[in-house]
Every structure is written in C-alpha cells, then in structure tokens.
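The values are calculated or read from the model by the stated rules, or taken from the named source; none is laboratory data. Bear in mind the structure is a predicted one, so any value in this text is a computation, not a measurement. Here the Cβ is made from the backbone with ideal geometry for all residues, glycine too, and neighbour counts use every protein chain on show. Keep in mind that these areas ignore ligands, DNA and RNA; they rest on the heavy atoms of the full protein, side chains included. Shrake-Rupley method; radii C 1.70, N 1.55, O 1.52, S 1.80 Å.
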Amino acid sequence: MSALIEFQDVCKTYYMGDSVVRAADHISMQIQQGEFVAIVGQSGSGKSTCMNIIGCLDVPTSGTYLLGGQDVGAMDRDQLAEVRNRMLGFIFQQYNLLPKLSILENVEVPLMYAGVSKKERRERAKLALELVGLADKLEHKPNELSGGQQQRASIARALVGEPAVILADEPTGALDSHTGREVIRMLQKLHAAGNTVVLITHDNSIAVQAERIIRLEDGRVVYDGDAHAPEAVVTAGLFGKEGLA
Amino acid sequence: MKLWESFQLALSNIWASKMRSFLTMLGIVIGVCAVIVIVGLGNGMQTYMEDSFAEMGTNTLTVNIIGRGSSRSVSEEQMYEIVAENGDYLEYISPTVSMSGSVKIGSSYASATSVSGVSEDYFAMKDYGVAQGRGLQYVDIADRKKVCVIGQYLNQAYFGGNAVGEKLKIGENQFTIVGVLSQKTDTMEEGSTDDCVFVPYSTAARFSFTGTINSYTLTVVDETQAETCVSIIEDALYDVFEDEDAYMVSSMSEMLDTMNSMINMVVYILSAIAAISLVVGGIGIMNIMLVSVTERTKEIGIRKALGAKERYIMTQFVIEAAVTSALGGVMGIGLGYVLSSVATTVITVMLEAAITVTPTVGAVALAFGISAGIGILFGYLPAKKAALLNPIDALRYD
C-alpha cells in the first residue's frame, strides 16, 4: 500500500529581493495511513512551508507531493480547494473560527462547501461537537468560549468532514499548558481511533506526544524516526551533522 | 453549496452591519426613488394634458388664415365648400372669432370670461349641451343678431340660474341671452370652460377690428385620420393662396402628440440625471465591498482553507453586493411611492391642478432591475479580488 502523504525531493524557493530562500530543500518523506507524526523545527526551519504544502495551500517549486496517491503539484486552485475540503482537516494555532457564526455553523462550513444537505450537515456537526464535549455550546459565538473550548470547536470542524489527514498547526500555541495537554490528549484519542494526525510544532515537549518525529532544519529533514528515541529531541547543532549522516 | 445559501449568507452579513449597509444603500435608494417619482410625475402630466385636450376635443382641427397682402383671401363660403367636398373626412366647420372688449353684466365686469363668435354647429362639435333656452341658430348668424349663449358659470354667478332673456354687454354692445350651456367642468371656476360667452360669428366679425374671419375650427370624422384631414385642407388652401405661409392648419391630436413627446423628452432627461445617482450609488457599493474584502481577508482565508472554491467566494461577494443594492432598490421603490403620493397632494394644493403622480410598473421594474444590476456590476471587481486572494497570505492576515 502506498503512503498517504509522500514527499519526493520537494523544494520550495522564495525570492526575497536578491536573496534566495530555500524554505524546503529536497525534502523526501512518507507518512502512512494511521500515523501520528510531529513535524518539529525552529522558526525558519521550513516547517510552515512543509505544513502549507501538506495542507495543499501551496504547491512545491520542484519535486512531487502525492496525497493519497494524487499529484497535488499538477492541480489548479479549484482542485486544490476540493482536496483541502475532502482530504484535510485543519486545526490552527489561532483557532480561526468565523466570529459571526455560531459554533455549530462554524463546524458546518466544511460540509457546506462539500455540498452536504443542510439537515445532514446539522446532524454531523452536532455529533462532532459532542465528540469534543461541546454539545451544550452549539449556539454560542466563538468569542463567548474560552481558548480551550474554541480549539476543541476547531478540532470538531477539522473532524466533521472525515478527512484523510488531520493537520494541526501549533494547536497548543495559544493555550496554557493545562488546556494544551487536553488538546494533545484529544489528538491522541483521534489517532487511537484510526485517524492520521500531523502535528506541526516548535515545542519538543509537545512533539514527543506523537509517535514519530520529523525534525526540520534550514529546510532539510535532520531526523525522522521514533518520537521516544533520545536523539529525537536533541537539536542537530549539538549532536553534530556528521553524527546524523 | 447552493445559491439560496449564498443569499442567506449575504443577508446575514448585511444584517450584521445594519448601519453601514443602510448608508451603502442610500445612494441606490435615492436614485431609484428619484427615477420613480420623475417618471410618475411625467406620467401624471401626460394624463393631465390628455384629459385637458380631450375636453377640447381631439377630433378638432384649427385653421388660421394669415392671408397674403390684401389681394387674396378666403371667404367662409369657400371654407364651407372645402368641408362639403370632403364629407368623408370632415364633419363640421365653424368660424371662430375672438371678440375684444370685456363682458359687463349689470354693473360688474367679468374679465376672465372668454368671448367667441361661432357658428350654430359649434356646440355639436364641442359636445356642449344646452341646459336652458336654445343654442345659436342659422338665422342668428344670417341676420347678425345680437344674441348670445353663456356658460353655466356666468348663469350661476351673475343671474342666479335664470339668465335666459337677460342682457349683458360686450364692449359697448348689448346682447340678449338666449341660452345657457350645461356644466362642463367639475369645479365651475372663474376662467374655466364654463366661464364663456358665445355669439354668432357674423356679429362678432362685425364688431372685431379686422372685420374678417381668420380662424376656423373643424371636426374630423375619424380621429385617426387627422393627419390626412390636415393635408386635405392645406392642399385646398394652397390652391387659393399659392403660398404655404398664408395659412396654418393644426390638429389637436397633433398638438397632443407634440406635447406628449416634449413631456417625454423632459422625463427622459430628468430620469437620466436621476440615473447618475444610481451609478454614484453603485460606486459607493463597490467602495464598501472593497473595504469589506480587506476586512474579511482572514475570513476568506479560513473559508478557502476549509475548501471554498474561488467561485464560491466570488458568488458570495457578488450576491452580497447585489442583495445590498437590490434592498436599496426595494427601499427606493417604497420611498418613491410615498413621495409620489406626497407630491400629488402638494401639486393639487399648490398648483390647483389635478396632476396625479402615478409611478408606472415599467419604471419600478426598470429601477429595480438597474439597481440589482449595478450591484452585480460593481460587486464584481471586489469579488474578483476576494476570490483571487492567496489562502496562505489571507490566513496570516490580521
């Protein structure tokens, strides 16, 4: 069986004035169905670029990105939108709920773009919100909820379309450590239920909650393996680049 | 995602910022309202003119003889002959002679009263009924009798309703009243059609300065043939005078057409000016939509991340602009109807003219269509901008 997410020699280059920034520099990796992977790196390591490409918000400059066997690089903007809608569930650092809509309506949005009927949408959104423990907050506006509750709502929104990949970008970044742990536990539960979860973070203590860590530095993969191995949490600079090779 | 849902989304967004939406609509409201009131006013004026002309008779033609030096002239016998020869087209003819000199009844002057010399057929031509006494007769004209028929207004105002047999003076000459016409207008005011004196044209011609008859009123058999009748008379008169400038033939329906096209022209020009405010309103909507796109960059980014295709974003903004504009149109239509009835009242009171400002269904439909169209047109550019936003940049936008 082929990998759910496969990077083949992916490069992403930005031009800032005269200088060339290689945000992704020949990255190759595979993520299988049902894995819980943390992509870790300091700012500027290319993890955001990596997440944008995985999330089909951006396409590689060169190399191939296969999502569920489909070449994303060859798609136009509308096809990308459709892939995001069907295959991906986003969880953002700033929750990114639509402030004018109720929690229930927010969770319905991905289903609306998928063309699900109003009635079915409502049912499925309610189920997803029950799953994250917000069944009593359906009609609340996002700003009436705490940060943790908003993040749970956005997890419900990510789940509701039954995507192939749940992509969490610094999901605990705006939360205190207690609610942060709660959110991570929820991701672990989703993983245990068979979902593929990709977590992007700069925080090692969050990253080790995953099964597998992919560490990025300067747009390159410097570690890819078990999250509980000692070298997973040690920065490559200390370890020495030769040591990894 | 269905179109109906886009509408609901648009309505809830408009409702969420009521004040701003209302101010955005205002240009459209005023424009639509102005178009409706102006077209309604033109419509009312047209109806008013048509009614007035109908009172005078749209089946009548007027011939004015200007003459050519003193050598050639046309006699009334010649004119009667023209009518007799064209019996298929022309029905009646009556010379009409305006008499100078004010009307004096007892010791008071009726200065607004119109005095005309006419033939015995005139009352039949103009559909005047005789209420008391008799109309003018052939012998009155042949003998140049000093008799007159008066309008109901004079009868009521000066003779207490029993004018027949009484006398009145026109200039220095005394006339005996032989008949009273039945009431023609609703109000019977001074200076109206009911305030009139008719004398035999022969008598009038004798007392007028020129002593000749320069004006004739004719009726046509078929109103729709008015144009043909005009040219028949023109041809006949050209044979007499051999000069096109010596006479003038005009038909009431022709004059009505001229008046109507003038009113229409004025209405078109005013509507065009009002329509400019629709364009200005549209630009206002575009401006606000552009601001709205910028404000909602983040929302657009989120929606795109969740799978909104470009055309959904596009539809959302275009529909929002169109709904804003169309709501403005609906308000404008409402306001237009209100102002129309206000205008009707004001005109009736101030000008004492029964002009009813009547908005036409066509104008309302057009105004609404244009306002919705403007929304789509001016919503397109901001919507395009929104649809083309890069989702990564939009998500990062604060």
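Table for the structure above
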quantity	calculated
Between helix A:147-160 and chain A: long-axis angle, C-alpha atoms, 0 to 90°, nearest 10	90 degrees
Efficiency of FRET between A:Ala74 and B:Asn390 - r from beta-carbon atoms, R0 22 angstrom, step 0.05	0.70
Additional length obtainable on full extension of the chain from B:Ala124 to B:Tyr109, 0.36 nm per residue less Cα span	2.5 nm
Residue-normalised accessible area of the range A:5-226, expressed per residue, 1.4 Å probe, Å²	41 Å²
Calculated Rg and Dmax of the range B:322-398 using C-alpha coordinates, Å	20.5, 69
Accessible area (Å², per residue) of the range B:69-242, counting only protein heavy atoms and a probe of 1.4 Å	48 Å²
Candidates B:Ala305, B:Ala372, B:Ala343: whichever shows maximal mean-square fluctuation once chain B is modelled as a Gaussian network with Cα springs under 10 Å	B:Ala305
Ranked order, A:Lys126, B:Lys126, A:Lys119 - accessible area, probe 1.4 Å, largest first	A:Lys119, A:Lys126, B:Lys126
Globularity ratio of the protein assembly as shown, using Cα Rg and 2.2 N^0.38 Å	1.74
Degrees separating the helix B:361-387 axis from the principal Cα axis of chain B, which is the longest one	20 degrees
Fully extended contour minus Cα-Cα distance, from B:Ala142 to B:Leu3, at 0.36 nm per residue	41.7 nm
Chain B - Debye-derived log10 I(q)/I(0), Cα point model, q = 0.07, 0.11, 0.12 Å⁻¹	-0.55, -0.86, -0.95
Candidates A:Ala232, A:Ala210, A:Ala192: whichever shows maximal mean-square fluctuation once chain A is modelled as a Gaussian network with Cα springs under 10 Å	A:Ala192
Whole-number percent relative contact order across chain B, with pairs defined as alpha carbons under 8 Å at least 6 apart	30 percent
As computed over the range A:1-52, the Cα convex hull volume per residue (Å³)	74 Å³
Share antiparallel - DSSP beta bridges, the protein assembly as shown, percent rounded to 5	65 percent
Carbon plus sulfur fraction of accessible area for chain B, probe 1.4 Å, in percent	59 percent
Solvent-accessible area lost in complex, 50 Å² minimum, residues of the range A:94-127 relative to chain alone, 1.4 Å	A:Asn96, A:Leu98, A:Lys100, A:Met112, A:Tyr113
For the range B:217-285 and the range B:332-353, distance of Cα centres in Å	27 Å
Cα Rg over Rh - the range A:5-226, Kirkwood	0.97
Interface area, A with B, accessible, probe 1.4 Å, both sides summed, Å² nearest 100	2200 Å²
Residue with peak Gaussian network fluctuation, chain A [Cα springs, cutoff 10 Å], from A:Tyr95, A:Tyr113, A:Tyr15	A:Tyr15
If the convex hull is drawn through the Cα atoms of the range B:69-242, its volume per residue in Å³	124 Å³
Solvent-accessible area, 1.4 Å probe, carbon plus sulfur percent, for the range A:5-226	46 percent
Tilt relative to chain A, helix A:77-87 - C-alpha long axis, 0 to 90 degrees, to 10	70 degrees
In Å², nearest 10: area of B:Val330 left accessible to a 1.4 Å probe	80 Å²
